[in-house]
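Beneath this line is the structure, given in structure tokens, with notes to follow.
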Amino acid sequence: MAPLSDPRRVGHSAPYQRDTSSATLFALLVVIAVPALVVALAAGWRPLSGSETDALLGWVGRLTGRAAPTAAVAAPSDWAIPNGWFYTEVPGDATGPDARGFAVSDANGMRFWSEYQRLGGPTYMGYPLSRRFDVDGGTAQVFQRAVLRYDTAADRVVVTRLLDRLSREGQDAELQERWSIPPLDVPAPPDVTAEVLDDRLKLLLSDYPAIRTYFADAPDAPALFGAPTSAVQETRDFYVIRFQNGALQQWKHDVPWANAGDVTAVNVGQIAAALGLFPAEALQPLPAATAGTLALK
């Protein structure tokens, strides 16, 4: 129902006369717009983008006096902080001022945030699972699919040889039984040359081009994954190959997070956390208010 007009407006002789001008204009726009839309679609026009649609609705609203509805804006689950970013996705708690999570930052000269971005961020490494913590005379931070470590001597952040370490600690049987990660059966030297890496990829992945493509498409696959250290094994649900730093799976059928044929990286950081490899305190999400202080200690 159109709103009742102000009786003091010019052109209204009787109080509370219904204002039909906006309704008439709206109807006229519909009569003109529908045939025009049919012609435009036939000529190859495609619907407007979200921002263009919002602008058009705003213009129509101003003409008719009917404001477009305002969409509800969800609280962000991650946001910028000085020299980095604060994430609440895993294992976050709430959003906004009460959010808990982990900061990834370049604070104190340790460029975790820069390296995280360079290696593909959440797309390739997943979200942070810990704050920074001291380990073996250095500083580390755990992500879903990798562990970053600040190398003091080299003054740079590197990816930890996580699966090599788990193998040295006798975890291969557990990795295979619980997560179907093949045992380490093709050891790689600490410093693998580009030629050796290419030879291994050709030998072990010649029948799995999708895995080879995933590796090639990563921003810096040699740094992120290291060299392959097993042959491809087949399980009921996927094909899987082990690397020094992680593992890749090619799915045989559709699953909620991937389609048949898709390749995904194994959440080796989560696996190592489940095996008790990291201090429990470092894995506890922190309040967003501490992102610039306690979250970095």
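What follows draws every value from the coordinates through simple rules; no lab data is involved. Note that the structure is a prediction, hence the values are computed from the model and not measured. Heads up, the Cβs are rebuilt from the backbone with ideal geometry, glycines too, and the neighbour counts pull from every protein chain shown.
Of note:
- The range 198-284 - percent relative contact order, Cα under 8 Å, separation 6 or more: 19 percent
- Distance (nanometres) between label positions extended 7 Å along Cα→Cβ at residue 114 and residue 176: 4.2 nm
- Whole-Hz ³J(HN,Hα) from phi, Karplus 6.51 cos²θ - 1.76 cosθ + 1.60, for the range 190-200, glycine and proline x: x, 10, 8, 6, 4, 5, 5, 4, 5, 4, 5
- Other residues whose C-beta falls under 11 angstrom from the C-beta of residue 147 contribute a net charge of +4, scoring Lys and Arg +1 and Asp and Glu -1.
- Loop-located trypsin sites (Lys or Arg not before Pro) in the range 177-238 (DSSP state not H, G, I, E or B) with no more than 12 neighbouring Cβ atoms inside 10 Å: 236.
- Taking Lys and Arg as +1 and Asp and Glu as -1, the other residues whose beta-carbon sits under 13 Å from that of residue 197 total -2.
- Interchain or long-range residues, amide H under 5 Å from residue 139's placed H: 150
- Length added when fully stretched, residue 206-residue 220, from 0.36 nm per residue minus Cα-Cα: 3.0 nm
- Between residue 262 and residue 158, full extension at 0.36 nm per residue minus the direct alpha carbon distance yields a gain of 34.7 nm.
- Contour minus Cα-Cα distance for residue 196 and residue 231 (0.36 nm per residue): 11.1 nm
- Charge tally in the Cβ shell below 13 Å around residue 118, where Lys, Arg are +1 and Asp, Glu are -1, residue 118 excluded: -1
- Cβ-derived FRET efficiency at R0 25 Å, residue 254 paired with residue 98, nearest 0.05: 0.10
- Sequence-distant residues sharing a close amide H with residue 242 (under 5 Å, placed H): 229, 230
- Cα gyration tensor shape of the range 106-146, rounded if a/c is under 1.5, else prolate or oblate by comparing a/b with b/c: oblate
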